[in-house]
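Let me begin by presenting the structure, written as structure tokens, before commenting on it.
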């Protein structure tokens, strides 16, 4: 139950009209309305430069460096990495990337944000992701201060730093809310198209690899792990490799029993549905899959499932670590409340 307190302010009677006029100038009908917006951080409007000045003053007591205080330089990178891994449950590889991008680009982001546009789209997406993650960490580090996160979002909006980032690069941001929202929208699709969408999302395979798996379903080697099936693909086309994949056994069994499966009919129809339901092309389900896996797997493990790792690493996991990989696969989807 919330406990309320009454806060009073004394004003001379002849000044009441001045107070009411001032409230109206700033868009408030009552003093209570002003207090609500003040507590919510909506009033007064603080410029980005002023917000940085405030954050610098807040951090100055914690700094030991001799240069002028900059709040983001007071961070303990090891503690930041620990927070991402232990509390946010990011994979060690992903946490390391976040910290690395923050260390390398925080000065540029907060001092000359317009220059972020000079980076490649993929690098720019990672920088923005690392800064947003920093905002979350800063709230934890300061025990509830959201100013840094607000500043990061304001700078991104003010300088349109995510302008021109298509869905391919936005997915590299790997934000909890982004992934969760897209997954819920996609999982809500029912029927045959819903099944094809789940197939792409749960396997992370390229479109042509799904067709390959279907065409060779009778001869592919598989391994059972609880309610999951590991499928050995060993498909190598130029630089696009597919070592093996993991998916729920129920989906694999249904996939094998389909009377037909092709890109022209099934995947192209599912593509239209993923665009309509979640604004995501079907081929980007693979990138979403990688980001979900990175919640519990190392970067190497997630890359192996995506076919991007060296064959030596893939062979090692195929021989010795498949059970562990399947366990991490299940844990990753549970983080997004996905059950099969």
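The values are calculated or read from the model by the stated rules, or taken from the named source; none is laboratory data. Note that the coordinates shown come from a computational prediction; the quantities given were computed from them, not determined experimentally. Cβ coordinates were reconstructed from backbone atoms using ideal geometry, including for glycine residues, and neighbour counts include every protein chain displayed.
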Query raised in the report: Taking residue 297, is it within 18 Å of residue 93 (Cβ to Cβ) and outside any helix (DSSP H, G or I)?
Result: yes
Query raised in the report: Quick one: which helices (runs of 4 or more DSSP H) sit completely within region 213-293 and have at least 3 residues that are within 25 Å of residue 304 (Cβ to Cβ) and in contact with a helix residue (DSSP H, G or I) (Cβ under 9 Å, 6 or more places away or on another chain)?
Result: 249-257, 285-293
Query raised in the report: Looking at region 4-51, which of its residues are farther than 20 Å from residue 146 by Cβ and at pLDDT below 70?
Result: 21, 22, 23, 24, 25, 26, 27
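One line per residue, one yes/no per condition, for (1) modelled with pLDDT under 85; (2) loosely packed, with under 15 Cβ neighbours inside 10 Å; (3) assigned to a loop (DSSP other than H, G, I, E, B):
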site	(1), (2), (3)
152	no, no, no
162	yes, no, yes
169	yes, no, no
172	yes, no, no
183	no, no, no
189	no, no, yes
194	no, no, no
**Report entry** Filter result for residue 136 (modelled with pLDDT under 90, more than 20 Å from residue 285 (Cα to Cα) and under 14 Å from the mean Cα position of the chain (by Cα))
**Finding:** yes
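Here are 138, 90, 83: which of them is within 30 Å of residue 303 (Cα to Cα), touching a helix residue (DSSP H, G or I) at 6+ places or on another chain (Cβ under 9 Å) and in a loop (DSSP other than H, G, I, E, B)? Don't jump to the end; show me each part of the working.
Working: 138 fails: in a loop (DSSP other than H, G, I, E, B); 83 fails: in a loop (DSSP other than H, G, I, E, B).
Only one candidate qualifies: 90.
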Report summary line: Looking across region 300-314 at residues that are part of a helix (DSSP H, G or I) and in contact (Cβ under 8 Å) with a residue 24 or more places away in the chain, the single one that is nearest to residue 247 (Cα to Cα) is 305
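Going by what's in this entry, would residue 325 be described as touching a residue at least 24 places away in the same chain (Cβ under 8 Å), surrounded by 20 or more Cβ atoms within 10 Å (Cβ to Cβ), within 24 Å of residue 97 (Cβ to Cβ) and assigned by TED's automatic domain parsing to the domain that holds residue 192? It would help to see each step written out before you state the result.
Working: touching a residue at least 24 places away in the same chain (Cβ under 8 Å): yes; surrounded by 20 or more Cβ atoms within 10 Å (Cβ to Cβ): yes; within 24 Å of residue 97 (Cβ to Cβ): yes; assigned by TED's automatic domain parsing to the domain that holds residue 192: yes.
Yes: the conditions hold for residue 325.
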Query raised in the report: What about residue 114, is it surrounded by 12 or more Cβ atoms within 10 Å (Cβ to Cβ), at pLDDT below 60, assigned to a helix (DSSP H, G or I) and assigned by TED's automatic domain parsing to the domain that holds residue 143?
Result: no
Report task. Among the residues of region 71-121, write down those that are closer than 20 Å to residue 155 by Cβ and in contact (Cβ under 8 Å) with a residue 40 or more places away in the chain. Result -> 71, 72, 75, 80, 109, 110, 113, 114, 116, 117, 121
